[in-house]
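Engineer: Got a structure for you, written out below as structure tokens; questions coming shortly.
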Amino acid sequence: MGGRRRWVTGAALGLLALPLLAGCASLQRDPNWWQARRDPSGQAPDPATTPEAVLQVYAARAVGWKGVLGVHTWIAVKPTGAPAYTRYEVMGWGVGRGFPAVRVNRTGPDNYWFGARPELLLDRRGEDVDALIAKVEAATAAYPYRDSYRTWPGPNSNTFTAYVARAVPDLGLELPPTAVGKDYLPDGPVAWAPSGTGVQLSLLGLFGVLVGWEEGLEVNLLGLTFGVDLNRPALKLPGVGRVGL
């Protein structure tokens, strides 16, 4: 019995350690992160040649030690005929000195995040997107933590993006398992999944479970996501993200 218990304990520790090691290996970035590249990544279409409405959501590895496990997410929108994008995100820098957590147009829609190339999570375009943009902007204005930020377990940048996704289920946005803070729920322990295709239970963003058509089955332990996606077969691991089968 003792040997089996030790084996189970070792397996659990290994399950936690491997994603951490993989996350550390992924952070081969400029140690002077404030000097790292922040230029456009070329994923947002040029407004000058794209008159149609565009709505995009991005994720990029967070700065410093936070990037071992997590990503920073944001939303960029451009209504029909608009000459430029509007970028919405939550940031912790300066909040303790009175700055708002919700930032608008801090940089371009698809720029590198201090050396990390962003991943495009959602790309919606066309005549129906203007209505979605209006809903996104309304949800941004209603975000309840406009002047609060906490890296772990939230509210943070991913709490914001998940809040907007739940408020606008037509987006069908599935956030990656590395979006630590997405399970911090503002309105109680039960909510729709961010994609709008399931439900979740979460206790202060620390412990919970999510079941959804887009997300699959996710278990939240201390803010870290473990899960399996049967719709698009993959494992979900902290630090690593999706691992396709």
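The values are calculated or read from the model by the stated rules, or taken from the named source; none is laboratory data. Predicted, not measured: the structure shown is a model, and the values here were computed from it. Positions of Cβ are generated from backbone atoms using ideal geometry, with glycine treated the same way; all protein chains shown enter the neighbour counts.
Engineer: Out of all the residues in region 43-68, which are surrounded by 14 or more Cβ atoms within 10 Å (Cβ to Cβ), at pLDDT below 95 and either among the hydrophobic types (A, V, I, L, M, F, W, C) or closer than 16 Å to ASP123 by Cβ (or both)?
Structural biologist: VAL63, VAL68
Engineer: Residues that are modelled with pLDDT of 95 or more and not in a loop (DSSP other than H, G, I, E, B): does region 28-42 have at least one?
Structural biologist: Checked region 28-42: at least one residue is modelled with pLDDT of 95 or more and not in a loop (DSSP other than H, G, I, E, B).
Engineer: When you scan region 126-143, do you find a residue that is closer than 28 Å to PRO238 by Cβ, of a type in the set (A, V, I, L, M, F, W, C) and not in a helix (DSSP H, G or I), even just one?
Structural biologist: no
Engineer: Every residue in region 170-184 that is assigned to a loop (DSSP other than H, G, I, E, B) and surrounded by fewer than 23 Cβ atoms within 10 Å (Cβ to Cβ), please.
Structural biologist: Hits for region 170-184 are GLY172, PRO176.
Engineer: If the Cβ limit is 8 Å and pairs must be 6+ apart or interchain, which residue in region 142-170 that is free of Cβ contacts under 8 Å to residues at least 12 places away in the same chain and farther than 21 Å from LEU132 by Cα pairs with which residue that is surrounded by 24 or more Cβ atoms within 10 Å (Cβ to Cβ) and among the acidic types (Asp, Glu)?
Structural biologist: none
Engineer: Something else about it: State whether one or more residues within region 177-187 are farther than 30 Å from ASP147 by Cβ and of a type in the set (A, V, I, L, M, F, W, C).
Structural biologist: For region 177-187, residues farther than 30 Å from ASP147 by Cβ and of a type in the set (A, V, I, L, M, F, W, C): absent.
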